[in-house]
1. What net charge do the residues around Glu59 carry, taking every other residue with its C-beta under 11 Å from that of Glu59, with Lys and Arg at +1 and Asp and Glu at -1?
2. Starting from the 7 Å offset along Cα-to-Cβ, what nm value, one decimal, do you get for the label separation of Ala95 and Glu126?
3. Sorted by average packing, counted as other Cβ atoms within 10 angstrom per residue and highest first, what order do 184-195, 208-219 take?
4. Starting from a Cα-only point model with no solvent, please compute log10 I(q)/I(0) by Debye for segment 120-211 at q = 0.12, 0.17 1/Å.
5. Running a GNM on the chain with Cα contacts under 10 Å, which residue among Arg221, Arg129, Arg45 ends up with the highest mean-square fluctuation?
6. Counting only helical runs of four or more DSSP H residues, what would the 222 nm mean residue ellipticity of the chain come to if each run contributes -39,500 (n - 2.57) and the total is spread over all its residues?
7. Using Cα pairs closer than 8 Å and at least 6 residues apart in sequence, work out the relative contact order for segment 87-173, in percent.
8. Using only the alpha-carbon atoms, how far is helix 208-219 inclined from the longest principal axis of the chain? Give it as 0 to 90 degrees, nearest 10.
Amino acid sequence: MSASPILITGGAQRLGRHCAERLRDDGHPVIISYRREREELETLRARGIVTLPADFSTEAGILDFIERLRAETPSLRAIVHNASDWAPDSRGDDAGANFERLFRVHMLAPYLINLHARELLEACSEPQRDIVHMTDYVVQKGSRKHAAYAATKAGLDNLTLSFAAMFAPSIQVNAIAPAMIMLNEGDDEAYAEKARAKSAMEMIPGPGVIYQSLRYLLDNRFVTGITLPVDGGRHLR
(Lines give C-alpha, C1' and ligand atoms only; values in the text may rest on other atoms or scores of the structure.)
Protein backbone atom coordinates (compact mmCIF):
# COMPACT_ATOMS: atom_id res chain seq x y z
CA MET A 1 0.00 0.00 0.00
CA SER A 2 1.41 3.40 -0.97
CA ALA A 3 2.00 6.03 1.69
CA SER A 4 -0.69 8.62 2.33
CA PRO A 5 0.25 12.14 1.20
CA ILE A 6 0.65 15.25 3.34
CA LEU A 7 -1.41 18.24 2.26
CA ILE A 8 0.05 21.76 2.62
CA THR A 9 -2.26 24.63 1.75
CA GLY A 10 -0.51 27.67 0.35
CA GLY A 11 2.48 25.52 -0.51
CA ALA A 12 3.82 27.28 -3.60
CA GLN A 13 6.14 29.78 -1.94
CA ARG A 14 8.12 30.73 1.15
CA LEU A 15 7.50 28.59 4.25
CA GLY A 16 4.95 26.34 2.57
CA ARG A 17 7.21 25.58 -0.36
CA HIS A 18 10.19 24.92 1.91
CA CYS A 19 8.22 22.43 3.99
CA ALA A 20 6.80 20.75 0.88
CA GLU A 21 10.29 20.27 -0.58
CA ARG A 22 11.75 19.03 2.70
CA LEU A 23 8.92 16.55 3.17
CA ARG A 24 9.50 15.32 -0.36
CA ASP A 25 13.21 14.96 0.43
CA ASP A 26 12.20 12.80 3.39
CA GLY A 27 10.19 10.52 1.11
CA HIS A 28 6.66 11.74 1.79
CA PRO A 29 4.12 12.14 -1.00
CA VAL A 30 2.99 15.79 -0.93
CA ILE A 31 -0.03 17.70 -2.21
CA ILE A 32 -0.07 21.48 -2.13
CA SER A 33 -2.72 24.06 -2.86
CA TYR A 34 -1.88 27.30 -4.60
CA ARG A 35 -3.75 30.52 -5.28
CA ARG A 36 -2.32 31.47 -8.67
CA GLU A 37 -0.07 29.93 -11.28
CA ARG A 38 3.59 30.81 -10.80
CA GLU A 39 6.91 29.66 -12.23
CA GLU A 40 7.96 27.86 -9.05
CA LEU A 41 5.13 25.36 -9.45
CA GLU A 42 6.85 23.68 -12.37
CA THR A 43 9.84 22.92 -10.14
CA LEU A 44 7.56 21.38 -7.54
CA ARG A 45 5.69 19.33 -10.13
CA ALA A 46 8.98 18.05 -11.51
CA ARG A 47 9.73 16.70 -8.03
CA GLY A 48 6.47 14.75 -7.97
CA ILE A 49 4.52 17.16 -5.78
CA VAL A 50 0.83 17.30 -6.72
CA THR A 51 -0.43 20.87 -7.15
CA LEU A 52 -4.10 21.81 -6.83
CA PRO A 53 -5.40 25.34 -7.50
CA ALA A 54 -7.60 26.74 -4.76
CA ASP A 55 -9.58 29.88 -4.07
CA PHE A 56 -10.12 30.07 -0.31
CA SER A 57 -11.59 33.57 -0.50
CA THR A 58 -15.10 32.13 -1.04
CA GLU A 59 -16.96 29.25 0.59
CA ALA A 60 -17.73 27.85 -2.86
CA GLY A 61 -14.03 27.87 -3.70
CA ILE A 62 -13.19 26.03 -0.46
CA LEU A 63 -15.81 23.35 -1.07
CA ASP A 64 -14.68 22.94 -4.67
CA PHE A 65 -11.11 22.38 -3.47
CA ILE A 66 -12.29 19.73 -0.99
CA GLU A 67 -14.07 17.83 -3.76
CA ARG A 68 -10.99 17.89 -5.98
CA LEU A 69 -8.82 16.81 -3.03
CA ARG A 70 -11.07 13.81 -2.45
CA ALA A 71 -10.79 12.92 -6.14
CA GLU A 72 -7.00 13.12 -5.90
CA THR A 73 -6.38 10.87 -2.89
CA PRO A 74 -8.29 8.33 -0.77
CA SER A 75 -6.31 9.19 2.38
CA LEU A 76 -4.05 11.78 4.02
CA ARG A 77 -1.23 11.42 6.53
CA ALA A 78 -1.44 15.08 7.62
CA ILE A 79 -2.88 18.50 6.78
CA VAL A 80 -0.79 21.64 7.22
CA HIS A 81 -2.92 24.78 7.03
CA ASN A 82 -0.38 27.28 5.76
CA ALA A 83 -2.51 29.38 3.34
CA SER A 84 -2.41 32.98 4.52
CA ASP A 85 -3.11 36.53 3.43
CA TRP A 86 -0.97 39.26 5.07
CA ALA A 87 -3.38 42.00 4.07
CA PRO A 88 -3.29 45.33 5.94
CA ASP A 89 -6.45 46.80 7.37
CA SER A 90 -8.60 48.95 5.13
CA ARG A 91 -10.27 52.12 6.35
CA GLY A 92 -12.42 52.44 3.23
CA ASP A 93 -15.70 50.97 2.10
CA ASP A 94 -14.04 47.59 1.55
CA ALA A 95 -13.02 47.15 5.23
CA GLY A 96 -15.78 44.62 5.86
CA ALA A 97 -15.05 42.69 2.68
CA ASN A 98 -11.35 42.60 3.61
CA PHE A 99 -12.14 41.15 7.04
CA GLU A 100 -14.50 38.57 5.57
CA ARG A 101 -11.86 37.46 3.05
CA LEU A 102 -9.27 36.97 5.79
CA PHE A 103 -11.83 35.10 7.88
CA ARG A 104 -12.48 32.69 5.02
CA VAL A 105 -8.77 32.14 4.28
CA HIS A 106 -7.57 31.81 7.88
CA MET A 107 -10.59 30.27 9.61
CA LEU A 108 -13.35 29.00 7.33
CA ALA A 109 -11.04 27.09 4.97
CA PRO A 110 -9.26 25.19 7.79
CA TYR A 111 -12.59 24.62 9.54
CA LEU A 112 -14.30 23.12 6.50
CA ILE A 113 -11.26 21.18 5.31
CA ASN A 114 -10.78 19.65 8.78
CA LEU A 115 -14.42 18.59 8.93
CA HIS A 116 -14.65 17.22 5.40
CA ALA A 117 -11.18 15.65 5.26
CA ARG A 118 -11.41 13.89 8.60
CA GLU A 119 -12.36 10.67 6.82
CA LEU A 120 -9.26 10.99 4.60
CA LEU A 121 -7.04 11.23 7.68
CA GLU A 122 -8.78 8.32 9.38
CA ALA A 123 -8.28 6.24 6.22
CA CYS A 124 -4.49 6.57 6.63
CA SER A 125 -2.93 3.24 7.62
CA GLU A 126 -0.07 4.86 9.55
CA PRO A 127 -0.31 5.03 13.36
CA GLN A 128 -0.18 8.83 13.52
CA ARG A 129 -2.30 11.42 11.74
CA ASP A 130 -1.89 15.18 12.18
CA ILE A 131 -3.43 18.55 11.52
CA VAL A 132 -1.14 21.56 11.94
CA HIS A 133 -2.43 25.14 11.90
CA MET A 134 0.10 27.83 11.00
CA THR A 135 -0.86 30.81 13.15
CA ASP A 136 1.32 33.81 14.04
CA TYR A 137 3.16 35.43 16.95
CA VAL A 138 1.00 38.52 16.42
CA VAL A 139 -1.93 36.60 17.96
CA GLN A 140 -0.37 37.29 21.37
CA LYS A 141 -0.12 41.05 21.01
CA GLY A 142 -2.47 42.28 18.29
CA SER A 143 -1.53 44.66 15.50
CA ARG A 144 -2.12 48.34 14.80
CA LYS A 145 -2.00 47.85 11.01
CA HIS A 146 -3.15 44.25 10.58
CA ALA A 147 -5.99 43.89 13.09
CA ALA A 148 -8.13 41.70 10.81
CA TYR A 149 -5.17 39.44 10.09
CA ALA A 150 -4.33 39.12 13.79
CA ALA A 151 -7.94 38.48 14.78
CA THR A 152 -8.52 35.75 12.21
CA LYS A 153 -5.20 34.08 13.03
CA ALA A 154 -6.29 34.17 16.68
CA GLY A 155 -9.47 32.41 15.62
CA LEU A 156 -7.40 29.73 13.91
CA ASP A 157 -5.36 29.34 17.09
CA ASN A 158 -8.57 28.72 19.04
CA LEU A 159 -9.78 26.22 16.45
CA THR A 160 -6.67 24.21 17.32
CA LEU A 161 -8.10 23.54 20.79
CA SER A 162 -11.56 22.68 19.53
CA PHE A 163 -10.41 20.27 16.83
CA ALA A 164 -7.84 18.68 19.15
CA ALA A 165 -10.64 17.83 21.56
CA MET A 166 -13.02 16.83 18.77
CA PHE A 167 -10.63 14.53 16.90
CA ALA A 168 -8.69 12.90 19.76
CA PRO A 169 -7.34 10.32 20.06
CA SER A 170 -7.16 9.33 16.39
CA ILE A 171 -5.97 12.68 15.00
CA GLN A 172 -3.57 15.11 16.68
CA VAL A 173 -4.21 18.81 16.12
CA ASN A 174 -1.58 21.43 16.94
CA ALA A 175 -0.41 24.87 15.82
CA ILE A 176 2.87 26.58 15.04
CA ALA A 177 3.09 30.33 15.76
CA PRO A 178 6.06 31.91 13.94
CA ALA A 179 7.35 35.46 14.27
CA MET A 180 9.77 36.88 11.68
CA ILE A 181 11.29 33.82 10.01
CA MET A 182 12.55 35.09 6.66
CA LEU A 183 12.83 38.37 4.80
CA ASN A 184 10.83 39.37 1.75
CA GLU A 185 12.38 40.43 -1.52
CA GLY A 186 13.27 44.09 -1.29
CA ASP A 187 13.80 44.19 2.48
CA ASP A 188 16.99 46.15 3.13
CA GLU A 189 19.60 45.75 5.85
CA ALA A 190 18.07 48.49 7.98
CA TYR A 191 14.79 46.58 8.06
CA ALA A 192 16.61 43.31 8.78
CA GLU A 193 18.49 44.89 11.69
CA LYS A 194 15.25 46.20 13.18
CA ALA A 195 13.63 42.78 12.77
CA ARG A 196 16.55 40.99 14.44
CA ALA A 197 16.37 43.33 17.42
CA LYS A 198 12.79 42.26 18.19
CA SER A 199 13.80 38.80 19.45
CA ALA A 200 16.08 37.69 22.25
CA MET A 201 17.94 35.47 19.75
CA GLU A 202 18.65 38.52 17.54
CA MET A 203 18.41 36.59 14.28
CA ILE A 204 16.22 35.90 11.27
CA PRO A 205 16.58 32.13 11.21
CA GLY A 206 15.19 31.12 7.82
CA PRO A 207 12.49 28.54 7.01
CA GLY A 208 14.42 25.56 8.34
CA VAL A 209 13.21 26.23 11.89
CA ILE A 210 9.60 25.88 10.75
CA TYR A 211 10.32 22.53 9.16
CA GLN A 212 12.04 21.40 12.37
CA SER A 213 8.93 22.41 14.31
CA LEU A 214 6.61 20.67 11.85
CA ARG A 215 8.77 17.57 11.95
CA TYR A 216 8.58 17.51 15.75
CA LEU A 217 4.78 17.54 15.64
CA LEU A 218 4.59 14.94 12.86
CA ASP A 219 6.92 12.62 14.80
CA ASN A 220 5.49 12.98 18.32
CA ARG A 221 2.59 10.68 19.18
CA PHE A 222 1.75 12.32 22.53
CA VAL A 223 1.25 16.00 21.67
CA THR A 224 -2.10 17.54 20.82
CA GLY A 225 -3.91 20.83 21.43
CA ILE A 226 -0.77 22.96 21.77
CA THR A 227 0.59 26.02 20.00
CA LEU A 228 4.33 25.82 19.45
CA PRO A 229 5.91 29.31 19.44
CA VAL A 230 8.79 29.83 17.02
CA ASP A 231 9.64 33.44 17.76
CA GLY A 232 13.19 33.61 19.09
CA GLY A 233 12.01 34.67 22.53
CA ARG A 234 10.13 37.83 21.58
CA HIS A 235 8.27 37.73 24.89
CA LEU A 236 11.60 38.34 26.63
CA ARG A 237 12.06 41.74 24.99
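1. On the way: positive: Arg104; negative: Asp55, Asp64, Glu100.
Combined, the nearby Lys, Arg, Asp and Glu give -2.
2. My value for the distance between the label points is 4.5 nm.
3. Put in order of decreasing packing, that is 208-219, 184-195.
4. Once normalised to I(0) and log-transformed, intensities are -0.52, -0.87.
5. Taking springs between Cα atoms under 10 Å, the residue moving most is Arg45.
6. Working: 8 runs with 97 residues, N = 237.
Estimated from H runs of four or more residues: -12500 deg cm²/dmol.
7. Contact order relative to length: 39 percent.
8. Rounded to the nearest ten degrees, it is 40.
The values are calculated or read from the model by the stated rules, or taken from the named source; none is laboratory data. All figures in this text were calculated on a predicted structure; none of them were measured in a lab. Every residue, glycine among them, receives a Cβ derived from its backbone with ideal geometry; neighbour counts consider all protein chains shown. Please note that ligands, DNA and RNA were not included when accessible areas were found on the heavy atoms of the full protein model with its side chains. Shrake-Rupley method; radii C 1.70, N 1.55, O 1.52, S 1.80 Å.
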